[in-house]
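Working notes, beginning with the structure itself.
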Amino acid sequence: MKRAQAGIPLISLMIMGLVWALAAWIGDDPSILPGPREVGHVIWSEAQAGDLWLHMGATLRRVILAFCLAMGAGTALGVLIGLSDRLNRWLDPWVTVMLNLPALVVIVLCYLWIGLNETAAVVAVALNKAAMVTVTIREGVRTLDRGVSEMTQVFNMRLPARLRHVILPQISPFLATATRNGLAVIWKIVLVVEFLGRSNGVGFQIHLYFQLFDTAHVLSYALSFTTVMLLIEYQIVQRWERGATRWRVKDDG
């Protein structure tokens, strides 16, 4: 039964590919919508030339750096304001502003203030995501078991020990959710950052071939990196999310 369920996403993706092939066949214009065969040929050619790995590696590096920065800062701030109502009242407007500030504005300002470099690119992406992580973790901290929290106060447990043994285990489902949503959002913002101000990466290649009106190359780079993110999602993130929420399922049962 579990094997059959595990195969459903693959079957769904195959159906998506068939719909794409049918749409390309009906349109009969590869310059507008090339089919899977044409795009697959471009992917193979770019991979053999080494360009695909070069640009995907650059994008993946930015995704990892921005993700780690956003998760670290967002988790720390979320825990702090979740534990302190006074601090939350002061910082909630800041978090709300960052949540509603358009990503494009943050990217442009970082490029203007820091320069057209790697630091600006990573910081811009991290800032766009950190606020979302903060809100998610804050809500997780607010669901902490009050009885356990009072017990830590009775035994004068220090904050590092509370974080390790009490807070983090209880907010692990929220961390998993922030991780899953974060990866989905961050890599898309990274492409925008590369589109606007980098000389390599998947976003840079999409910008280049957009100027050349080369749909096949645009799709080849977009789908190649999408495949990488799907593998990360299904093989790493979802497995960790199931592990993080397993104790809740058992408790509910």
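The values are calculated or read from the model by the stated rules, or taken from the named source; none is laboratory data. The shown structure was predicted, so the numbers you read here are calculated from the model rather than taken from an experiment. A quick note on method: Cβ atoms are made from the backbone with ideal geometry, for glycine too, and the neighbour counts reach across all protein chains shown.
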(request) State all residues of the stretch 194-216 that are polar (S, T, N, Q) and either surrounded by fewer than 24 Cβ atoms within 10 Å (Cβ to Cβ) or free of Cβ contacts under 8 Å to residues at least 40 places away in the same chain (or both); if no residue qualifies, say none. (result) SER199, ASN200, GLN211, THR215
(request) Confirm whether TYR234 is out of contact with any His (no Cβ under 6 Å at 6 or more places or on another chain) and either modelled with pLDDT of 85 or more or surrounded by 15 or more Cβ atoms within 10 Å (Cβ to Cβ) (or both). (result) no
(request) Can you tell me which residue among THR75, THR59 is among the hydroxyl-bearing types (Ser, Thr, Tyr), touching an Asp or Glu at 6+ places or on another chain (Cβ under 7 Å) and within 25 Å of VAL185 (Cα to Cα)? (result) THR59
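Yes or no, residue by residue, for (1) part of a helix (DSSP H, G or I); (2) modelled with pLDDT under 85; (3) out of contact with any Gly (no Cβ under 9 Å at 6 or more places or on another chain); (4) crowded, with 17+ Cβ neighbours inside 10 Å:
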{"residue": "THR96", "(1), (2), (3), (4)": "yes, no, yes, no"}
{"residue": "LEU109", "(1), (2), (3), (4)": "yes, no, yes, no"}
{"residue": "LEU112", "(1), (2), (3), (4)": "yes, no, yes, no"}
{"residue": "LEU116", "(1), (2), (3), (4)": "no, no, no, no"}
{"residue": "MET132", "(1), (2), (3), (4)": "yes, no, no, yes"}
{"residue": "GLU139", "(1), (2), (3), (4)": "yes, no, no, no"}
{"residue": "VAL148", "(1), (2), (3), (4)": "yes, yes, yes, no"}
(message) Being at pLDDT 80 or above, among the charged types (D, E, K, R) and out of contact with any helix residue (DSSP H, G or I) (no Cβ under 6 Å at 6 or more places or on another chain) is the requirement here; does ASP214 meet it?
(response) yes
(message) Checking the condition more than 25 Å from TRP44 (Cα to Cα), touching a residue at least 24 places away in the same chain (Cβ under 8 Å) and either in a helix (DSSP H, G or I) or more than 16 Å from the chain's Cα centre (by Cα) (or both), which residue from LEU175, LEU219, LEU223, LEU191 passes?
(response) LEU175
(message) Residue under question is ILE81, and the condition is that it be within 24 Å of the chain's Cα centre (by Cα) and farther than 22 Å from SER220 by Cβ; does it hold?
(response) yes
